[in-house]
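No value in this document is a laboratory result; all are computed from the given coordinates. Since the structure is predicted, the reported quantities are computational estimates derived from the model, not experimental observations. Virtual Cβ from ideal backbone geometry, glycine too; neighbours counted across all protein chains shown.
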Amino acid sequence: MKNNHFIIGLALGCASGYLASKYLTSEAGQKVIENIKTIRGDFNNGGLGLKANNDLVNAFNDKTDALKDHMTSTVDKIKDDEDASDIVFDENDLNEE
């Protein structure tokens, strides 16, 4: 029984290997391989398709600068709001349940 399983596994392995090699050597298979290489290259460069580390750092800095500007403008609006007040907790308030 084990010999039959081994022979069936060997036959299926050979058949799948043969079909995979035929597919990968075809034109459609070559396009798949090129797409895989492109995806791996993008992943190795930070997943963003950037080709240089400096580009990745600059993109990050630009995004954080925009976020800082947005946060600063939001804080300025809150400071100008008369209804906004500072919330102060007393230690006794925190201990009560």
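Here are some notes:
- Rounded to whole numbers, the Karplus 3J(HN,Hα) couplings from phi for the stretch 24-40 are 6, 8, 7, 5, 5, x, 5, 5, 5, 5, 5, 5, 5, 5, 5, 5, 5 Hz, using 6.51 cos²θ - 1.76 cosθ + 1.60 with θ = phi - 60°, and x at Gly and Pro.
- Within the stretch 1-44: Cβ-based charge dipole about Cα centre, in debye rounded to nearest 20 (Lys, Arg +1; Asp, Glu -1): 160
- Separation in nanometres of the label points that stand 7 Å from Cα toward Cβ, at S16 and K2: 2.2
- Spin-label model, L24/I39: points 7 Å from Cα along the beta carbon direction are separated by 1.5 nm.
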